[in-house]
Each structure stands twice: as C-alpha cells, then as structure tokens.
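Input: a single structure, listed below in structure tokens.
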Amino acid sequence: MESQLPYELYFTHRFNIHKLAGLLVDDYDIESIARIYGVPAAELKKIQVSIDADAAAGAEELKKIYPSFSKTIKAVAVGDSITSDRKSWTKILNRFLSGKPPVTGAESPIIDAGISGDTTSDVINRFYSSVLCHEFEWAVVFIGTNDCRGLNDEYRITNTGLGEYSNNLTYIMKVLKERHKKVISVTLPPVDPVRINTYFGEENNWTYTEKRISETNDFIRTASAAMGTRLADLAKAVSASGKDVLDPDGIHLNDTGQRMLSRLILDIFAS
C-alpha cells in the first residue's frame, strides 16, 4: 500500500507532523502516533530509539561542559519545526536537566510548544491554548524562519511581511513579560535555498533571501534590547563558528547547530 504521509516516515516523525492536525496525543505515545501515520509501531519505535540516542549524546556533551549545573528549570519553547524536532535543543536540554530519557511534555523541564510550519501568526492564534496554559518560569521564543519564506516569482511575497512579523513578535514578548516570565529571544539561523529546493522539490517554488533573514534578526536584537529580554544570538554564533549547521534539507539544524543553540540557552539559564 502506498504511503499517504506528506514526507518519508523518519522526517514525519522527527518533526512531529501529527501536531499539525492539533491532535491531543503525547509526543511519546508511539503506539497512537503509529496508528495516525498508518505504520507499524515497531517501525516507529526503531526511529525513536535512533533519535533518542542523538539527543542523549548531546546531553552527555553538555555534562562535560557544565559538570556542576544544578538549577531547576521550568520553561516553554515557542517555535516551529526547528524547535519541535525530536533531536532539537529542547530534547537535548531535557535529557541534560532531568537526567532521564524523554518523558511526557508536562513533566519535562522544557515544554515543547512548537509546531512544524508555524509562523508568528500561527503562534498568536494558539497562544493561550498552547503556550500560556502551561506553568513555567522561562519562555524561549525562537520563531520566524517560516515567516521569512517567500515565493520565487516577481512578487517575492513572504508568508509574513516584516512589519507584521515585528508586530506579532512584539506582542508575544510583551505578553510574556507582563506575566513576569523570563524571556529568551533567539535569532534565526541561515537557510540554504538550493538544498531546500533539492530536498522538498522545486514545485513549491519556495525561496529565502539573506536580506529578509538579516532584517528579521536585526529586529529580534533590537526588540530584545528594548524589552529587556535575554538574547541567544544563534545567527552570530553560527557566523563566528564558520560551521555548517544545517541538515541536508537546508532549513533544519543538524546536530552541530542544535548543540550550539543548547549551549547558548544553557549559558543564559546558568547566569
């Protein structure tokens, strides 16, 4: 039987595509997710074991860098598929902070409130039901890559204009601050349009420009300074490292990128 999944199974599971439908299924209820995807649970469990091993390796690396970290952290992660990635910084830090394999979302030190494909407008649409409904001290706001994506034609229209993005992000940060949350703002990593088109297919006609990514990051830095949030300047760290931090799809962070972001955020938690 031909698969009805939008992407191959590893990608679909890694980036929690089931969350796009708003289904109330825990991220580690593998049996239920397998039924949603129409695949054997054993097949999905093999993928999960492989993914967990990568997150565990990232956590072990952090233990060597931060051998005496002892703070109790309760945070929520606001983002898209770069955050709602089973190999992401949230999974690495949860393993590091808890010392345990993955547990249900509500029990995790960092709650993954990200959804693949989300823009800031999507976050606002579900802000109260998916973010503010949780109990947390810290909020990590890492959103904007999908806002910057546009169509490669003469109009160059993007999912969200820079002005609308700025208003949306300001609102998100303002509400969190008003509720006395400690906010960490994260700048966007680079993307590779060539890899994106090769991986996803040119029929989407998607494109990104360095100008829009740069303008978005400039706004994130300015807004963070104006509103007194902490800044995890991932874009600056990537540029300074000179390393390739992207997966073959050209948009998601590879292990190097996710571990880099984990260290930036953990430095802020530790300070």
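Stretching the chain fully between L9 and S239 yields a gain of 79.6 nm (0.36 nm per residue, less the alpha carbon separation).
Remark: the S32-R126 segment gains 31.5 nm on full extension, using 0.36 nm per residue and subtracting the alpha carbon distance. Counting only DSSP H runs of at least 4 residues, each contributing -39500 (n - 2.57), and dividing by the residue count of the chain, the helix-based mean residue ellipticity at 222 nm comes to -14000 deg cm²/dmol. Magnitude of the charge dipole for the chain, about its Cα centre and with charges confined to Cβ atoms of Lys, Arg (+1) and Asp, Glu (-1), is about 1120 debye.
The order of S185, S88, going from fewest to most other C-beta atoms within 10 Å of their C-beta, is S185, S88. Taking max minus min of the alpha-carbon positions on each principal axis, the range 51-270 gives extents of 54, 37, 31 Å, largest first.
Shown for T229, T209: other C-beta atoms within 10 Å of each C-beta, ranked fewest to most, produce the order T209, T229.
Among I92, I115, what is the fewest-to-most ranking by other Cβ atoms within 10 Å?
I115, I92
Taking other residues whose beta carbon is less than 13 angstrom from the beta carbon of P67, and scoring Lys, Arg as +1 and Asp, Glu as -1, yields 0. Pairs spanning more than 18 Å between alpha-carbon atoms, out of K19/K100; K63/K91; K19/K177; K46/K87; K71/K100; K45/K87: K19/K100; K19/K177.
In the range 1-74, taking the dipole from charged Cβ atoms about the Cα centre, the farthest positive-side position among A21, S32, P67 is held by P67. Show me the helices of the chain, taken as full DSSP H stretches, that run 20 Å or more along their long axis by Cα and average -1.0 or above in Kyte-Doolittle hydropathy. Result, helices passing both filters: 41-65, 162-178, 210-227, 255-270.
No value in this document is a laboratory result; all are computed from the given coordinates. Because the structure is a prediction, the values reported are computed rather than measured. Methodologically, a virtual Cβ is constructed for each residue, glycine included, from the backbone with ideal geometry; neighbour enumeration extends over all protein chains shown.
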